[in-house]
Amino acid sequence: MKRYLCGFDTATLETIETDVLIVGSGIAGLYAGLHIDPHLRCLLITKTEIEKTNSWLAQGGIAAVIAKDDNFDSHVADTLEAGAGLCDEEAVRVLVQEGPENIRELVELDIPFDTNPEGELQITREGGHSCRRIVHCGGDATGRETTKRLGELILAKENVKIAFRTQLVDLLVDENGICGALINDGALKRVACSHVILATGGIGHIYRYTTNPRGAMGDGIAAAHRAGAELALMEMVQFHPTTLLSQKSSDRLFLISEAVRGEGGILKNSAGEAFMQGKHRRADLAPRDIVTREILKELKKRGETNVYLDVSSMTREFFSQRFPTIFGRCEEEGVHLTDTMIPVRPAQHYFMGGIKTDLDGMTNIRGLYSCGESACTGIHGANRLASNSMLECLVFGRRAARHINNSLHAFVPSNRFAHEETARAYRSNAEVELQHNYLRRLMSADVGAVRTKAGLAHAEAELARMLAWADESVLQTPADFELYGMIETATEIVRAASARRENIGAHYMED
C-alpha cells in the first residue's frame with residue numbers, strides 16, 4: 001500500500017501557511033470552523049460546493065431532548081439500544097447532554113427551525129426513538145437549511161478562508177504529529193499547519209446504490225489511515241430501508257425520510273400486507289438494520305425490486321406541507337400522494353465506522369482531529385439511531401474546535417518532505433472509470449446489508465488485486481486519487497467484516 005499517493009518534494013511546492021486546516025464543508029466542518037478562535041488562521045477546503053454534501057441532503061432533522069416529557073436517560077437508552085451494545089456510553093452521554101445547548105445556539109444563529117403557532121419548536125419522531133425529539137427545518141429540508149445558514153456565517157468570518165474544488169491528497173506527519181497536508185486545486189500544493197480537522201463525510205460511492213452525493217468516497221478516512229490513524233468499526237455500514245424507486249438515472253438515490261414512518265407511514269408488500277407487524281415491538285419504526293433486512297427478505301421471497309410505503313393515513317395537504325421535498329419529487333416521478341403508495345427499496349446511507357477519536361475529536365496522531373461521519377466517536381455503535389448524526393456533527397465539531405483553541409501548540413516548521421514515485425504504469429481515464437464502477441458493483445454484491453463468508457472472501461481477493469493494480473499505477477488526477485482511497489477504504493471494511501464473528505447491528509452474516 002502506498003504511503004503517499006504521488007511523488008513530491010515540499011522544497012519545490014507552493015506552501016500555504018495556516019494554523020488550522022479543516023477538510024469538508026458539511027455541517028461538521030462548517031460548525032467547527034465557526035468555533036475556531038478568531039485569532040487563529042483557518043483554511044477550509046472542500047472538493048465541491050457546500051450544496052453537494054451529505055449534510056445539505058439530510059432530510060429528517062436533529063435529535064435532542066427538547067420536549068417536556070423527554071429526558072436525557074431516555075435518549076441515551078434509545079441510542080444504546082440502536083447501537084446494539086457497541087456504543088461508547090460516555091460519548092453517548094456527552095452527545096445527549098450537550099444536544100439542547102447546541103440546538104439553542106443554532107436558534108440564536110437564525111437556523112430556520114419549524115415552529116408551531118405558539119412559536120415553539122415543532123418536534124417529530126423517527127425510528128428507534130421512544131418519543132418525539134426531532135427538530136427540523138422546511139419540513140424535510142433540515143440539512144439544506146442548516147448547511148446554507150452555517151455556510152453564510154462562515155463566509156463572513158475574517159479568519160477563515162475557503163478553497164472550493166480543492167482535494168485533500170495526503171497528510172504530513174513528523175515526530176511532533178501533524179505538520180501539514182498535500183492538497184490539489186489543479187496543482188499539488190503544501191499546507192503547513194499544526195492542526196487538521198477531517199470532516200470528509202461518508203463512504204457511499206464505494207457502493208452502487210447509495211443516497212450519498214458523489215464526493216462521499218471515504219478518501220479522508222483513507223488519507224488518515226495512510227498517515228497512521230487508527231480506524232474503528234469499519235464493518236458497520238448502514239443501509240437506509242426506504243429510497244425511492246426512480247425511473248431517472250442518477251449517481252445517488254432519493255431518500256424517503258424515516259420521519260414519514262414517524263408520521264404514520266406503513267411498509268407493505270405487493271399483496272398489501274403490512275409485513276413489519278410482529279417483526280419488532282416498534283414495527284415500522286424498528287431500527288434501520290432490522291427494517292432493511294425485513295424488506296430484503298420480502299424482495300427475495302417475491303422476486304420483486306421494491307416494496308411500498310403507504311402514506312394514506314396522511315392527507316395530501318398535510319404531507320405536502322410536512323414533507324415538501326419528498327412530495328415534489330414523488331409527484332415528478334408520477335407517484336401521486338397520498339392516494340398512491342411510494343415504491344421504495346434499501347440503499348447504502350450512512351457509515352458508523354471511521355477514524356477513531358476521543359471525546360474531543362482527537363485521533364491517536366497529535367494535531368489530527370475528525371468529526372462527523374468520517375469519525376468514529378463510538379456514539380453509533382453497530383447501528384446509528386435516526387437523526388443523531390447531525391447532532392454528532394454539532395457536538396463534536398464544536399468540541400474539536402474548542403480543544404484546538406485551548407491547546408494550540410507552537411508550530412515548528414518541518415524538515416523537507418519528499419517522496420519519489422516508483423510506479424511506472426500510466427492509466428487512462430477510461431481504465432480508472434472501469435475500476436471505479438467495478439468496485440461499486442463488487443461492494444454492493446458482496447458487502448451489503450446481508451453478507452456471506454463466500455462473498456467477503458471474494459471481495460477481499462478482488463480488492464487485493466485492485467490494490468496491487470493501483471500500487472503499480474502512477475496517480476496524477478483527482479479521479480486517480482479518489483479511486484485509490486476508495487479501494488483502501490473498501491479493503492478495511494471487508495477486513496473488519498471478515499474479522500467480526502457475531503451478527504450485530506448493521507453487520508449481518510447470512511451464514
One-quarter of the Cα convex hull surface for segment 11-61, in nm²?
4.7 nm²
Once a ≥ b ≥ c are taken as the square roots of the eigenvalues of the Cα gyration tensor of segment 51-184, is the result rounded (a/c under 1.5), prolate (a/b larger than b/c) or oblate (a/b not larger than b/c)?
oblate
What FRET efficiency would be calculated for the residue pair residue 407, residue 131, taking the C-beta separation as r and a Förster radius of 30 Å, to the nearest 0.05?
0.20
For a footprinting-style exposure proxy, rank 209, 369 by other Cβ within 10 Å, fewest first.
209, 369
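Order these by the 10 Å Cβ neighbour count, fewest first: 68, 297. If you can, show how the numbers build up before the last one.
Values: 68 6, 297 13.
Fewest-to-most Cβ neighbours within 10 Å comes out as 68, 297.
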In whole Å, how far is the Cα centre of segment 371-403 from that of segment 103-148?
18 Å
Pseudo-spin-label distance residue 426 to residue 67, built 7 Å along Cα→Cβ, given in nm, is 6.2 nm
For the residue pair residue 316 and residue 511, what label-to-label distance in nm results when each label sits 7 Å from Cα along the Cα-to-beta-carbon direction?
5.1 nm
Give the order of 451, 322, 402 when sorted by the count of other beta carbons within 10 angstrom, beginning with the fewest.
402, 322, 451
Compute, for the chain, the length of the dipole vector about the Cα centre, with Cβ point charges of +1 (Lys, Arg) and -1 (Asp, Glu) only. Units Debye, rounded to 20.
840 debye
What list of ³J(HN,Hα) values in whole Hz, one per residue of segment 341-349 in order, does the Karplus curve 6.51 cos²θ - 1.76 cosθ + 1.60 (θ = phi - 60°) give from phi, with Gly and Pro shown as x?
6, 8, x, 9, 8, x, 7, 4, 9
About its Cα centre, segment 411-457 carries a charge dipole, from +1 on Lys and Arg Cβ atoms and -1 on Asp and Glu Cβ atoms, whose size in debye to the nearest 20 is 200 debye
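Starting from 0.36 nm per residue, how many nanometres of slack lie between residue 273 and residue 74 once their C-alpha separation is accounted for? Write down the numbers at each step before the final one.
Details: separation 199, 0.36 × 199 = 71.64 nm, distance 3.19 nm.
Full-extension gain reported as 68.4 nm.
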What whole number of Å gives the distance from the Cα centroid of segment 447-511 to the Cα centroid of segment 230-298?
24 Å
Any residue on another chain or 5+ positions along whose placed amide H is under 5 Å from the amide H of residue 138 is listed here as 114
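Based solely on its DSSP helices, what 222 nm [θ] is calculated for the chain when runs of n ≥ 4 H residues each add -39,500 (n - 2.57) and the sum is averaged over all residues, nearest 500 deg cm²/dmol?
Working: 14 runs with 180 residues, N = 511.
Per the formula, -11000 deg cm²/dmol.
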What are the GluC sites (Glu not before Pro) within segment 192-258 that DSSP puts in a loop, where the Cβ has at most 10 other Cβ atoms within 10 Å?
none
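Report the Stokes-Einstein translational diffusion coefficient (µm² s⁻¹, integer) for the chain, Rh taken as the Kirkwood radius over Cα pairs, at 4 °C with viscosity 1.567 mPa s. Walk me through the numbers on the way to the answer.
On the way: Rh = 23.1 Å.
Here the translational diffusion coefficient equals 56 µm²/s.
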Give me the extension gain from residue 9 to residue 471: residue separation times 0.36 nm, minus the current Cα-Cα distance, reported in nm with one decimal.
164.4 nm
Could you list, in their original order, any pairs among 300/453; 279/301; 248/301; 52/148; 52/268 whose Cα atoms are separated by more than 21 Å?
248/301; 52/268
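Dipole magnitude of segment 266-335 about its Cα centre, charges +1 at Lys/Arg Cβ and -1 at Asp/Glu Cβ only, in debye to the nearest 20? Before the final figure, lay out each step's value.
Details: 13 positive and 11 negative charges, 86 e Å.
Taking the Cα centre of segment 266-335 as origin, the dipole is about 420 debye.
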Would you mind calculating the gained length between residue 434 and residue 163 on full extension (0.36 nm times residue separation, minus the Cα-Cα distance), in nm to one decimal?
94.6 nm
Arrange the peptides 24-30, 419-425, 289-295, 4-10 so that the one whose residues have, on average, the most other Cβ atoms within 10 Å appears first.
24-30, 289-295, 4-10, 419-425
Taking R0 as 35 Å, what FRET efficiency do you get between residue 301 and residue 250 from their Cβ-Cβ distance, rounded to the nearest 0.05?
0.80
Simple spin-label estimate for residue 499 and residue 89 in nanometres, 7 Å along Cα-Cβ
2.5 nm
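Only the coordinates and a few stated rules stand behind these numbers; no lab work does. Being a predicted model, the structure only gives us computed values, none of them experimental. Every residue, glycine among them, receives a Cβ derived from its backbone with ideal geometry; neighbour counts consider all protein chains shown.
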